[in-house]
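Okay, structure first, notes after.
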Amino acid sequence: MFIDSHCHINFNGMIQRLPDILEQMRVNAVTHALCVSVDLETFPSVLEIAHTYPHIFASVGVHPGYEHARDPDVTELVSLAQDPKVIAIGETGLDYYSFKGKTLDALAWQQKRFRTHIQAALASGKPLIIHTRSAAQDTLRIMREEGAAAVGGVIHCFTETWDIAQAALELNFFISISGIVTFKNATQIQEVAQKVPLEHLLIETDSPYLTPVPYRGKLNEPAHVSHIGRFIALLRNIDIAQLGSSTSANFFRLFCGSNF
Ligand SMILES: [Zn+2]
């Protein structure tokens, strides 16, 4: 059993294939998936999928790369997060990579948006889904300044060093590994995937992006998380079933507050 802790099956190109995507999950023993919100404009489509299918969950938030998306305030996020199928706030965080050449002053909106999401997570008691790219130190600093450790969450699609992973673990965050771990040159991520304590590890596809080996060239989908799980189990030299059940139990412990 595996769970895809981060996917975007409401995206154009995915939603049209939803029956097939769900069938492929079933065939590959992928029992649940978290469909992650990237802006408020498309949040209703995320929520609709979660309301239609008991094994699909939703989050609410505005992605740091979506410069022109409408900015929510804390009250609005908290109110949207009250839906029982909304189990997390995000994806939020900082993404300097997509805005190369811009000054930090020009990216002040990103930091403000990130702080709003952390405050909403604290107010609603729902954990954070954090995206960080070329901004690790600022991400950690803002997490500390806003007290994000009190609510916790996950650094999704982790691509940073083991040092950064340790700092995130100390802040009560989980580390989620995507299909990038299967790429030949991904030695840094493979190191992290080996070292993260099993009880703080999650796995994800981030589909439709980041198709793992050996499906490169095809669209990614939640069923492929089983392949990512298998790859990490081999890296850690543990049973595939153990990797699957541990990461699934972690998912429920973090997002649903219970041990399944
Ligand atoms: Zn995402």
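Proximity of backbone amide H atoms, modeled 1.01 Å from N, is registered between Ala135 and Tyr96 at under 5 Å, excluding neighbours fewer than 5 places apart on the same chain.
For the range 71-82, backbone phi angles converted through the Karplus equation (6.51, -1.76, 1.60; θ = phi - 60°) give residue-by-residue couplings of 8, x, 9, 4, 4, 5, 4, 4, 5, 5, 6, 6 Hz, Gly and Pro being listed as x. Of the trypsin sites (Lys or Arg not before Pro) found in the range 158-260, the ones in coil according to DSSP and having at most 14 other Cβ atoms within 10 Å of their Cβ are Lys184, Arg216, Lys218.
With the cut-off at 1.5 for a/c, could you classify the range 97-213 from its C-alpha gyration tensor as rounded, prolate or oblate? The shape class here is oblate. Placing unit charges on the Cβ atoms of the charged side chains and taking the dipole of the chain about its Cα centre, the candidate lying farthest along the positive direction among Ile180, Pro208, Gly147 is Ile180.
For the range 161-260, a simple Cβ point-charge model (Lys and Arg +1, Asp and Glu -1, everything else neutral) yields a dipole of about 300 debye relative to the Cα centre.
Residues in the range 163-174 carry Karplus couplings, in order, of 4, 5, 4, 4, 4, 5, 4, 5, 8, 6, 10, 8 Hz; the curve used is 6.51 cos²θ - 1.76 cosθ + 1.60 with θ = phi - 60°, and Gly or Pro positions show x. Note on the chain: with a GNM built from Cα contacts shorter than 10 Å, the maximum mean-square fluctuation among Val38, Val196, Val27 falls on Val27. Say we join alpha carbon atoms closer than 10 Å with springs in a Gaussian network model of the chain; which of Thr161, Thr132, Thr52 then has the biggest fluctuation? Result: Thr52 has the largest fluctuation of those listed.
Residues whose amide H lies under 5 Å from that of His6, counting only those 5 or more places away or on a different chain, are Leu34, Thr205, Asp206; hydrogens are built 1.01 Å from N in the peptide plane. Peptides 245-251, 172-178, 99-105, 17-23, ordered by how many other C-beta atoms sit within 10 Å of their residues on average, highest first, read 172-178, 245-251, 17-23, 99-105. Take the alpha carbon gyration tensor of the chain, find the square roots of its eigenvalues, order them as a ≥ b ≥ c, and report rounded if a/c is under 1.5; if not, report prolate when a/b exceeds b/c, else oblate. Rounded, because the longest to shortest axis ratio a/c is under 1.5.
Values in this text are rule-based calculations from the coordinates and carry no lab data. This one's a predicted model, so the numbers in the text were calculated from it and none came from an experiment. Here the Cβ is made from the backbone with ideal geometry for all residues, glycine too, and neighbour counts use every protein chain on show.
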